[in-house]
Amino acid sequence: MQAEYQQRRQQLMAKIGNGTAIFRSAPMAVMHNDVEYTYRQDSDFFYLTGFNEPQAVAVLAPHHPEHRFVLFVQPKDREKEVWTGYVCGVDAAKEIYGADEAYPIAELDEKLPQYLEKADRIYYHLGRDGNFNDTILKHYQSLLRTYPKRGTGPVAIEDTGTILSSMRLVKSEGELQLMRQAAAIAVEAHQRAREFTAPGRYEYQVQAEIEHIFRLRGGMGPAYPSIVASGVNACVLHYIENSRQMQDEELLLIDAGCAYGYYNSDITRTFPVGGKFTPEQKVLYEIVLEAQKQAIAQVKPGNSFKAVHHTAVRVITEGLVELGILTGEIDKLIEEEKYKPYYMHRTSHWLGLDVHDVGVYQYGEDKPQILQAGQVLTVEPGIYIVPDTKLAEDQPETHPRWVGIGIRIEDDVLVTPTGHEVLTAGVAKEVAEVES
């Protein structure tokens, strides 16, 4: 992968011209007291370097005569490594990660100015690390003060996201291999979850089966906190307590994805705990499934990102009207968003290094993002009949037989040159398959 990281850096440097780009590693997150979570690198930092340690800074300076790619890293410390594990160190940062120069992180303030004083601007994302934001601003302001004496130096700070997000949005073959593996592991985990689910078992037991597969197959673990929501819990979009005992004649909604090699999958399936849908569950499920199928059909080069959501909204609205849950003319209901009490989220998001991956969805009101080969998005329509839902005055009160039913069906879809590929198609979703 080092060749690909190098290619990405070269592509970014070509875009920033005479600028200097600075990237900060993710901080360590504390679980409690002095116990830390498993480290997870900042996605932009990892995308450009493959370097997976905290307390690091990457600098890209295409205008520098010798050092175009510079790493500041933790130095080797034998005593510390006994407790917390080995680090790459300064020398190996050049040998393994291809840096033109590397320094101990403690020398950042001293060494950084030489990579900024000939740049016309700084490219940096003002993130959650307030102290490091202050460091960058301090150097920027210092160089601004001395600009009249030199006539060179950065006169602006520009967010790296404006350039890097568009690069990350289109996946390479190497990235797609990792995403396919993340999807394959999650497919197996969802299949195991459906086999294991039975009345009387607890949501957390199903979660354990899912996440066991994630690690057993070489994944990093869950891509996000696994949602295992039975009964009315399925109407809570991000329910993660996973503590309830499952009952017969209820649905179980599982939204769980695997992280593999830093890339993520994201799958949702909803199925009956006892193996058979009730009539109400079945008819709502079929509406969501049809909405998903028609929305997936919109995933192809040249179509707008918005078309996927608009298609799902129309199918769901039509279905709710047919059942008498909504009343009115379809186009007007959609325009006035009367469907939102039952379908309150968007149909898709980008997927990649982040579960909700970077990338613009539209460029102002009149210019939507156009789908192109190499993009990966989720397609995840749903219907949620939430208890005590507040409805518009011109809409009927929801009949109790529907209340408490929550359904979502989600797949990961790659835009191909001729259409699309459903990366997660291996998980059953047809009614006959789900009930078998």
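The values are calculated or read from the model by the stated rules, or taken from the named source; none is laboratory data. Model, not experiment: these values are computed from the prediction. Quick reminder, even Gly has a Cβ in these numbers, built from the backbone with ideal geometry, and neighbours come from all protein chains shown. Heads up: the accessible areas ignore ligands, DNA and RNA and are worked out on the full protein's heavy atoms, side chains in. Shrake-Rupley method; radii C 1.70, N 1.55, O 1.52, S 1.80 Å.
For the stretch 2-31, the set of residues classified as closer than 24 Å to Pro113 by Cβ, assigned to a loop (DSSP other than H, G, I, E, B), in contact with a Pro (Cβ under 6 Å, 6 or more places away or on another chain) and of a type outside the set (Gly, Ala, Ser) is empty.
Please state which one of Pro75, Pro113, Pro104 is out of contact with any strand residue (DSSP E or B) (no Cβ under 9 Å at 6 or more places or on another chain) and either of a type in the set (Asp, Glu) or more than 21 Å from Leu353 (Cβ to Cβ) (or both). Step through it out loud before you land on a result.
On the way: Pro75 fails: out of contact with any strand residue (DSSP E or B) (no Cβ under 9 Å at 6 or more places or on another chain); Pro104 fails: out of contact with any strand residue (DSSP E or B) (no Cβ under 9 Å at 6 or more places or on another chain).
From the options Pro75, Pro113, Pro104, the qualifying one is Pro113.
For the stretch 125-144, a tally of residues being in a helix (DSSP H, G or I), of a type outside the set (A, V, I, L, M, F, W, C) and over 18 Å from Glu110 (Cβ atoms) returns 2. Within the stretch 369-397, the set of residues being open to solvent by 40 Å² or more (accessible area, probe 1.4 Å) and in contact with a helix residue (DSSP H, G or I) (Cβ under 7 Å, 6 or more places away or on another chain) comprises Val386, Pro387.
At least 1 residues that are touching a Gly at 6+ places or on another chain (Cβ under 9 Å) and open to solvent by 30 Å² or more (accessible area, probe 1.4 Å) in each: list the strands (runs of 3 or more DSSP E) lying fully within the stretch 238-321 that qualify. It would help to see each step written out before you state the result.
Values: elements: 251-256, 258-260, 267-272.
Result: 258-260.
Would the stretch 74-97 turn up any residue that is of a type outside the set (S, T, N, Q), touching a residue at least 40 places away in the same chain (Cβ under 8 Å) and either part of a loop (DSSP other than H, G, I, E, B) or under 15 Å from Thr160 (Cα atoms) (or both)? No, because not a single residue in the stretch 74-97 is of a type outside the set (S, T, N, Q), touching a residue at least 40 places away in the same chain (Cβ under 8 Å) and either part of a loop (DSSP other than H, G, I, E, B) or under 15 Å from Thr160 (Cα atoms) (or both). Whenever a residue of the stretch 421-436 is at pLDDT 95 or above and outside any helix (DSSP H, G or I), its partners that are among the charged types (D, E, K, R) and open to solvent by less than 70 Å² (accessible area, probe 1.4 Å), lying with C-beta atoms within less than 6 angstrom and at least six residues away or across chains, give the pairs Val422/Asp411; Leu423/Asp412; Thr424/Asp411; Thr424/Asp412; Val427/Arg269. Taking each residue of the stretch 225-248 that is over 12 Å from Tyr202 (Cα atoms) and looking for partners that are part of a helix (DSSP H, G or I) with beta-carbon atoms closer than 8 Å, six or more apart or interchain, yields Ser226/Gln207; Ser226/Ile210; Ser226/Glu211; Asn233/Glu203; Tyr239/Asn233.
With respect to the conditions (1) within 19 Å of Gly161 (Cα to Cα); (2) open to solvent by 40 Å² or more (accessible area, probe 1.4 Å); (3) within 19 Å of the chain's Cα centre (by Cα); (4) not β-branched (Val, Ile, Thr), Asp357 falls short on a single one, namely (2).
Within the bounds of the stretch 338-350, is there any residue that is outside any strand (DSSP E or B) and over 28 Å from the mean Cα position of the chain (by Cα)? Steps first, please.
Taking the stretch 338-350 as the starting set, the residues that turn out to be outside any strand (DSSP E or B) are 338-349.
With over 28 Å from the mean Cα position of the chain (by Cα) added as a condition, the list becomes 338.
Within the stretch 338-350, one or more residues are outside any strand (DSSP E or B) and over 28 Å from the mean Cα position of the chain (by Cα).
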